[in-house]
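Engineer: My structure is below; once you've seen it, I'll send some questions.
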Amino acid sequence: MNPAIGAVAVGVLVGAVIAVSVRDGRIAVVGLLTMLVFSPIVTDPIGTPLALAARLAGGVLAAYLLWIAVRGGGMTSGSRIGWPAEALLALGAFVVGLGTHGLGATALGPVEAQAAGFALAALCVVPVATGRDVLRIGIGLFVLLQAALLVRVGLDGNPSELEQLVTAGLIAALGGSVAALAYAARSDGPGGFDLASEPRPRLRRPQDARRDAPRPAEAALITDR
Amino acid sequence: MSLLPFLIVSIISTGAALGLRGRPALATLVGLAGLVVTLLAALAIRPGERLVIGGAAVATTEFMRLFLVLCSTCGIGLALLGAAAGTRRDAPAVMLGTLATAGLALSLPDARVAVLAATAGGLIGVLVTLTPGAARVGATVGIREVRAVIIAGSLALAAAAWIQRPLDDLVVQPQVFGLAYLAFAIAIAVRFGVIPFHFWAARLADAAPEVTIPVVTAWGPAALAVVGLAWIDQLVAPILPEVGPERAVLIGVGIATIVLATFAAWIQDDLEHVLGYSIMGDAGVIVLGLAALGTEAWTPVRVWILAFVVARSAFAAWCAAMRATFWTGRLDDLQGWARHSPPLVVALVLVIIGSIGLPGFAAWDARVSIVNQLFGGPLTVLMLLALLGPIAYYARLLMIGVRRPLGGTAAEHWRPRWPAVDLTRARTSAETVVRVNRGASTALLALLLAALAVGTSAGLFGVPEAAAGVAPGLQGESQIEPPSP
């Protein structure tokens, strides 16, 4: 185990634990940014400058887009069991990842990457499965995607530059999607980032086709963005 | 490389259309122009080219070219219909983004990269759920879609990474390959929203306009399915011809989806949900195709994927034309629609032929081939009957159409009309011509897409030849021949 890579992996975990634990949306985004910035460095050898730059740019862009959605304030539900329990959960999964490196065959990547991937996978289960607001589910999805990417590095070694470029685009696209949805939820009356309550009557679809072409509601929305 | 212009045009057009979304008319115009240029760029793709970019290979195939050409054509029709029906402004941008990522995914021989590209395409589709006036409901629908896309992408990436390295010292080979295969196939099932992973896809029809539903639930997932099929064919099938429990799971998912989604489509009370469940039901055939390991499944599944994306787009076009003509998608309010608009009857009949097919059609033969590879004896007959189930909901739509119309109608006329044109007010006159011909123009577009669906289903445009081609990166090499199961 490489101590330097191990330290970076711990940084990834710290960021992820903060992101899934806190209730303040802005702090959660900062935690997410930490995770996204450290993740591409959990490789051995470290990626090419172009690949690293692409990943960092993708991560920062995603975090910035999320920041736009949360900077006006807004709370997410956060962890119900608190950050120490989340950290312990991550630690346990980290150890499992260390012990199962390669998943049955010789791995081509660093053990720390797979361990961090396992830890993130454990952390993301609750937000993704039981999240009740857009931001928390979105953060959970970021953690899940990062877990898969780290496990991939742990098993197969360094991705190619093109793969890193596509990964950066995917992370930025995820940031944009979650930010757009979070912004939309927050701008729809009180309730912050909460999901629409269920059970609810089925949404009556707005008439896409109507004689009065301009629709005031949509026009108002356009000026907001 | 001829693929690069396609990628550049589609990506730039997506960005431009999204950047201009504050000005809906301009964004729609840019999106439509982008789709036309994208179609031309897709037509200019030359199969058999290979290029290494950033350490990874990118290769073009005839199948990829045909997929992009057909989807671009459908996209132009759907975007025009959306514009005529007043659909939300992001539809062309979402189509362009989905085409760009599908083009990239289909050109990448490395499944790990292709999965990432296909997943990014799914995220662009979330924009269509942002409903004006019901943002929270739209966001709820949208985040569930994002959840399905990311779960599917992560599952597929982990599966691809697990067995895409030298595995000489792997102790439990059958189990590992079986689990990886199942994980990738389940990822594809989640992306399609097939039963039991259908919750998000069913709710999508609550918020998304009908012209965008096939883009989100058929085009993007179909690209992932093609990637998954190539991965299974190259890595799983040659090494592991028998994966019993895993195949049983997939067959169960496929059968449940075909039967239950057809029933669900039959009982819906609006066109959008009928469309959503019909896509789900047809995607069940693709899941069955993934269960049929072996080279015999390669061509039929890819033929069906091409027929599926075009036929579902044509059905979406018909639904949009219905809404544009009758100002509603509720089936209760559409009584007598067939008496009012004969072109839409013809379009629906063509959609039925395109989606179910006729004996001798490429799509029909593909489905029969998939079923024959999986089942034997009376079960084959039962499955083939189940595949005819969509006739039930199509027949219901036609029966509603021939009923006596409800009193009073605001429906648009289906015949073209030419009001007096005032040349001193050209813009106003043009808008008037467009407005009074809304019914005629949308019916014509639906007819054209339905005819395209029939042609694709029949095997025109070189569908069987393209589907039989090798995966990207295998040109010039012999395709891996797996041992027969």
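Engineer: Suppose the filter is more than 11 Å from chain A (Cβ to nearest Cβ) and of a type in the set (A, V, I, L, M); does B:Val113 pass it?
Structural biologist: no
Engineer: When you scan the range B:164-189, how many residues do you find that are surrounded by fewer than 24 Cβ atoms within 10 Å (Cβ to Cβ) and either assigned to a helix (DSSP H, G or I) or touching a residue at least 40 places away in the same chain (Cβ under 8 Å) (or both)?
Structural biologist: Residues meeting the conditions: 11.
Engineer: For the range B:41-53, check the following and say yes or no: at least one residue is part of a helix (DSSP H, G or I), without any contact (Cβ under 8 Å) to a residue 60 or more places away in the chain, touching a Phe, Trp or Tyr at 6+ places or on another chain (Cβ under 9 Å) and on the phi < 0 side of the Ramachandran plot.
Structural biologist: yes
Engineer: Still on this structure, please answer the following. Collect the residues in the range B:130-163 that are in a helix (DSSP H, G or I), at the interface with chain A (Cβ under 8 Å from one of its Cβ atoms) and closer than 26 Å to A:Pro190 by Cα, keeping them in residue-number order.
Structural biologist: B:Ala135, B:Arg136, B:Val137, B:Gly138, B:Ala139, B:Thr140, B:Gly142, B:Ile143, B:Val146, B:Arg147
Engineer: Can you name the number of the only condition in (1) more than 9 Å from every other protein chain (Cβ to nearest Cβ); (2) under 30 Å from B:Asp90 (Cα atoms) that B:Ile232 fails?
Structural biologist: (2) is the only condition that B:Ile232 fails.
Engineer: For the range B:205-226, which residues satisfy the criterion of being out of contact with any strand residue (DSSP E or B) (no Cβ under 9 Å at 6 or more places or on another chain) and within 11 Å of another protein chain (Cβ to nearest Cβ)?
Structural biologist: Within the range B:205-226, B:Asp206, B:Ala207, B:Ala208, B:Pro209, B:Glu210, B:Val211, B:Thr212 qualify.
Engineer: Please count how many residues of the range B:13-32 are surrounded by fewer than 17 Cβ atoms within 10 Å (Cβ to Cβ) and either within 14 Å of chain A (Cβ to nearest Cβ) or modelled with pLDDT of 95 or more (or both).
Structural biologist: 6
Engineer: If I go through the range B:295-323 residue by residue, how many of them are within 19 Å of B:Gly86 (Cβ to Cβ) and hydrophobic (A, V, I, L, M, F, W, C)?
Structural biologist: Qualifying residue count for the region: 7.
Here is a yes/no grid of residues against (1) out of contact with any Ser or Thr (no Cβ under 9 Å at 6 or more places or on another chain); (2) modelled with pLDDT of 90 or more; (3) more than 14 Å from chain B (Cβ to nearest Cβ); (4) surrounded by fewer than 23 Cβ atoms within 10 Å (Cβ to Cβ):
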site	(1), (2), (3), (4)
A:Val42	yes, yes, yes, no
A:Leu50	yes, yes, no, yes
A:Leu61	yes, yes, no, yes
A:Tyr64	yes, yes, yes, yes
A:Ala69	yes, yes, no, no
A:Gly74	yes, no, no, yes
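Engineer: Here's another thing I want to ask about it. Can you confirm whether B:Leu229 is hydrophobic (A, V, I, L, M, F, W, C), within 21 Å of B:Leu182 (Cβ to Cβ), assigned to a helix (DSSP H, G or I) and at pLDDT 95 or above?
Structural biologist: It is false that B:Leu229 is hydrophobic (A, V, I, L, M, F, W, C), within 21 Å of B:Leu182 (Cβ to Cβ), assigned to a helix (DSSP H, G or I) and at pLDDT 95 or above.
Engineer: If I ask for residues that are part of a loop (DSSP other than H, G, I, E, B) and touching a Gly at 6+ places or on another chain (Cβ under 6 Å), which ones from the range B:85-123 would you list?
Structural biologist: The one that is part of a loop (DSSP other than H, G, I, E, B) and touching a Gly at 6+ places or on another chain (Cβ under 6 Å): B:Pro109.
Engineer: Collect the residues in the range B:164-193 that are more than 8 Å from chain A (Cβ to nearest Cβ) and of a type in the set (A, V, I, L, M), keeping them in residue-number order.
Structural biologist: Correct list: B:Leu179, B:Ala180, B:Leu182, B:Ala183, B:Ala185, B:Ile186, B:Ala187, B:Ile188, B:Ala189, B:Val190.
Engineer: While we're on this one: Of the conditions (1) under 30 Å from B:Leu167 (Cβ atoms); (2) not in a loop (DSSP other than H, G, I, E, B), A:Tyr64 satisfies every one except a single condition; which number is it?
Structural biologist: Only one criterion is unmet by A:Tyr64, namely (1).
Engineer: Touching a Lys or Arg at 6+ places or on another chain (Cβ under 8 Å) and buried (at least 24 other Cβ atoms within 10 Å of the Cβ) - does that describe any residue in the range B:38-51?
Structural biologist: So far as the range B:38-51 goes, yes, one or more of its residues are touching a Lys or Arg at 6+ places or on another chain (Cβ under 8 Å) and buried (at least 24 other Cβ atoms within 10 Å of the Cβ).
Engineer: Still on this structure, please answer the following. Quick check: is even one residue across the range B:61-68 within 10 Å of chain A (Cβ to nearest Cβ), outside any helix (DSSP H, G or I) and of a type in the set (Ser, Thr, Tyr)?
Structural biologist: Checking the range B:61-68: not a single residue is within 10 Å of chain A (Cβ to nearest Cβ), outside any helix (DSSP H, G or I) and of a type in the set (Ser, Thr, Tyr).
The values are calculated or read from the model by the stated rules, or taken from the named source; none is laboratory data. Keep in mind that this is a model prediction, so the values were computed, not measured. Heads up, the Cβs are rebuilt from the backbone with ideal geometry, glycines too, and the neighbour counts pull from every protein chain shown.
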